[in-house]
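Student: One structure coming up, written as structure tokens, with questions to follow.
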Amino acid sequence: MIVAAGWYMALAAALFLIGAFGLLLRRNALVMFMCIELMLNAVNLTLISAGRALNDLNGQVAVFFILVVAAAEVVVGLAIIVAIFRRRATASVDDLSELRG
Amino acid sequence: MAEPILFVLMALGSLAGAVTVVAARNPVYSAMGLLGTLFSVAVLYVLQLAHFVAAVQVIVYAGAVLTLFLFVIMLIGVDTSEDWDEKLPYQRAFVGGLAGLIALFAGALTLFGNFDWVPAATSTDPDSTNGTIQAIAELLFTDWVLAFEATALLLTIAAAGAIALAHYRRGQT
């Protein structure tokens, strides 16, 4: 007995929604970053379950590439957060309005 | 019977971790919630025969990315005093209303939509989607070899960029 792909999709949608609203609600740059990771994971889950339902291994290869891109993104993003913190001593995105037009 | 039971357990675990990420005041608790979600999702990958991706998820995400997060949290200090005054008027009320509307829409779609999420879900062939290292590697080094080379370049650029950002000092170009 297997779980239908729709249930995995529903779980992934719920995870994506929680991540998206966390991104909109929180002001701490680190927590916002974690919410982005949450959303990436939700998308990975949809790719894996769709790949299994369609008997296609390419979904898993796509997830592999997303993992690599996410790792690179985290490295650069955290370096930027640390660089901003050294200048401004804050991790709250509301205080970073220097680039405002 | 193993898959439905494990699915329910891991779904609850991942949702609890996700809510912890958003709701916790302390960023360290958020990181722990993210860890729970990542492990639960890795188990869900194993349930769907994505063994290699599950291993990479645990090693790269739970091992490297989360450690990096914790390092940065410790580096810039645990800041639990997030200010809740609104710079943009009605921003949080707007997001809350949007959340309620989307949840209502998704619930209505699930209850009354009655559509096929993915066709052909019944005729699953376990052999063709068994994500062993050999099967993934065959695809990776034939169909996707160009993308694979591009990710190598991307990782090099990301590492160089992080080092450049870490070495930057004011007044010194």
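Nothing in this text is a laboratory measurement; each read-out follows from the coordinates by a stated rule. As the structure is a prediction and not an experimental result, all values here were calculated from the model. Counting neighbours? That spans all protein chains shown, and the Cβs are built from the backbone with ideal geometry, glycine included.
Student: How large is ³J(HN,Hα) for each residue in segment B:50-57, as worked out from phi by the Karplus curve 6.51 cos²θ - 1.76 cosθ + 1.60 (θ = phi - 60°), to whole Hz, x for Gly and Pro?
Tutor: 8, 5, 5, 5, 5, 5, 5, 4
Student: Using the Karplus equation 6.51 cos²θ - 1.76 cosθ + 1.60 (θ = phi - 60°), what ³J(HN,Hα) coupling, rounded to whole Hz, does each residue of segment B:150-157 give in order, writing x for Gly and Pro?
Tutor: In residue order, the calculated couplings are 5, 5, 4, 4, 4, 5, 4, 5 Hz.
Student: Classify the protein assembly as shown as rounded, prolate or oblate, taking a ≥ b ≥ c as the square roots of the eigenvalues of its Cα gyration tensor: rounded when a/c is under 1.5, otherwise prolate if a/b is larger than b/c and oblate if not.
Tutor: Note, shape of the protein assembly as shown comes out oblate.
Student: While we're looking at this one, here's another question. Add -39500 (n - 2.57) for each DSSP H run of 4 or more in chain A, then divide by its residues: what number comes out at 222 nm, to the nearest 500 deg cm²/dmol?
Tutor: -27000 deg cm²/dmol
Student: Per residue of A:17-25, what is the mean number of Cβ atoms on other protein chains within 10 angstrom of that residue's Cβ?
Tutor: Values: counts 5, 11, 4, 5, 7, 6, 2, 8, 7.
Partner Cβ neighbours, averaged per residue: 6.
Student: Return the Rg/Rh value of chain A, two decimal places, where both radii are evaluated on C-alpha atoms and Rh is the Kirkwood radius.
Tutor: Details: Rg = 17.1 Å, Rh = 15.4 Å.
Rg divided by Rh gives 1.11.
Student: Each residue of segment A:20-28 in order: what ³J(HN,Hα) in whole Hz does its phi give by Karplus 6.51 cos²θ - 1.76 cosθ + 1.60, θ = phi - 60°, with x for Gly and Pro?
Tutor: Once θ is set to phi - 60°, the couplings for segment A:20-28 become 5, 6, x, 4, 7, 8, 7, 10, 6 Hz.
Student: Which residue, chosen from B:Val28, B:Ala106, B:Leu146, occupies the Cα position most advanced towards the positive end of the dipole of the protein assembly as shown, where the dipole is computed from +1 (Lys, Arg) and -1 (Asp, Glu) charges on Cβ about the Cα centre?
Tutor: Towards the positive end, the residue furthest out is B:Val28.
Student: Give the order of A:Glu73, B:Glu138, B:Glu149 when sorted by the count of other beta carbons within 10 angstrom, beginning with the fewest.
Tutor: Least crowded to most crowded, the residues run B:Glu149, B:Glu138, A:Glu73.
Student: Using the Cα centre as the reference, give the magnitude of the dipole from point charges on the C-beta atoms of segment A:1-97 (Lys, Arg: +1; Asp, Glu: -1; all else neutral), rounded to the nearest 20 debye.
Tutor: My answer is approximately 260 debye.
Student: Sticking with this one: I want to check the label-to-label distance for A:Arg27 and B:Gln134. Put each point 7 Å from Cα in the C-beta direction and report it in nm to one decimal.
Tutor: Calculated label separation equals 5.7 nm.
Student: Further, regarding this structure: For the protein assembly as shown, what is the charge dipole size about the Cα centre, in debye to the nearest 20, if Lys and Arg each add +1 at the Cβ and Asp and Glu each add -1 at the Cβ?
Tutor: The calculated dipole for the protein assembly as shown is roughly 940 debye.
Student: Sort A:Trp7, B:Trp144 by Cβ crowding within 10 Å, fewest neighbours at the top.
Tutor: A:Trp7, B:Trp144
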